[in-house]
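Peer 1: Structure incoming, see below.
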């Protein structure tokens with residue numbers, strides 16, 4: 001592996017890196033204490049669109065870690081930022097499959113949310129109530145009616161946006177279905193592929209680096225999934241570090257057409273590497 005140097009900013013995934021569900025991974029507190037001590041700025045960038053920043057802050061607090069809203073970037077937040085550049089929020093209606101993590105930032109930005117079976121038809125007769133956009137994020141209360149409303153609108157030509165494409169989600173009881181599974185159902189029903197905002201698309205990494213004011217060559221992305229975290233880093237031209245506490249394992253990396261810059265066992269290993277790198281620059 002190349003030397004662990006020029007570490008001036010981190011983009012850190014959460015699920016599978018810092019915790020499994022509500023169970024923190026060992027070394028969590030020491031990891032963040034080290035980041036604060038050696039003053040490495042970071043963004044917690046997650047494809048999980050179900051929680052709001054405040055809910056993440058509270059989750060960290062229960063684990064004994066203090067983080068701030070400006071250190072959190074969810075795929076939902078990245079989606080809203082992207083849409084606000086493409087549309088005028090005050091005049092744009094959105095049908096959402098998702099939880100408060102995506103609904104709240106849309107409302108805060110000024111978008112109007114539509115309800116079940118408010119449909120845009122091809123003749124435009126329902127154009128005053130139907131959505132301009134269908135946004136799909138992780139929804140643990142997914143229903144036939146939600147899928148039907150999304151399908152009808154997508155078939156009518158409504159823009160189709162996915163917060164992220166993860167097909168699985170690590171939890172404390174194992175891997176369950178992720179938002180990508182919902183997107184796959186909608187694509188199967190409509191034949192339409194959504195525009196994805198989260199990893200592995202570069203959009204969320206570019207937004208994170210803009211917040212950090214960091215250059216690609218001094219930024220490292222930390223994640224557990226080759227197909228999202230690591231591929232997103234490759235596409236964003238930044239270095240990547242894969243931990244083995246989540247979805248992808250050493251065998252996956254060996255067989256992958258693209259490689260992380262580093263592979264480490266867990267966040268405890270990263271903490272030790274950060275301390276060594278810091279000591280080498282201060283001697």
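Derivation of every value follows stated rules applied to the coordinates shown; laboratory data play no part. Keep in mind that this is a model prediction, so the values were computed, not measured. When we count neighbours, we look across all protein chains shown, and the Cβ atoms used for this are built from the backbone with ideal geometry, even at glycine.
Peer 1: Give, in nm to one decimal, the length gained when the segment between residue 128 and residue 67 is fully stretched (0.36 nm per residue of separation minus the Cα-Cα distance).
Peer 2: Extra length from residue 128 to residue 67 when fully extended: 17.8 nm.
Peer 1: For residue 195 and residue 258 in the same chain, what is the full-extension length gain: residue separation times 0.36 nm, less their Cα-Cα distance, in nm?
Peer 2: 20.4 nm
Peer 1: Given the rule -39500 (n - 2.57) for each run of at least 4 DSSP H residues, summed and divided by the residues of the chain, what is its mean residue ellipticity at 222 nm, to the nearest 500 deg cm²/dmol?
Peer 2: That comes out to -11000 deg cm²/dmol.
Peer 1: Mind running the shape call on the range 76-196? Use the C-alpha gyration tensor, a ≥ b ≥ c as the square roots of the eigenvalues: rounded below 1.5 for a/c, prolate if a/b tops b/c, oblate otherwise.
Peer 2: Oblate is the answer for the range 76-196, as a/c is 1.5 or above yet b/c matches or exceeds a/b.
Peer 1: Projected area of the range 1-119, taken from the Cα convex hull and averaged over every viewing direction, in nm²?
Peer 2: Its average projected convex-hull area is 9.8 nm².
Peer 1: On to the next question. Can you give me the pair-distance distribution of the chain, C-alpha pairs, 5 Å bins, whole percents?
Peer 2: Histogram of Cα-Cα distances, whole percents per bin: 1, 6, 12, 17, 18, 15, 11, 8, 6, 3, 1, 1, 0, 0, 0.
Peer 1: Let me ask another. What FRET efficiency, computed as 1/(1 + (r/R0)^6) with R0 = 30 Å and r the Cβ-Cβ distance, is obtained for residue 176 and residue 144, rounded to the nearest 0.05?
Peer 2: Taking R0 as 30 Å, the efficiency between residue 176 and residue 144 is 0.95.
Peer 1: Nearest 10 degrees, 0 to 90: what angle lies between the long axis of helix 179-190 and the longest principal axis of the chain (Cα atoms)?
Peer 2: In the chain, helix 179-190 runs at an angle near 30 degrees to the longest axis.
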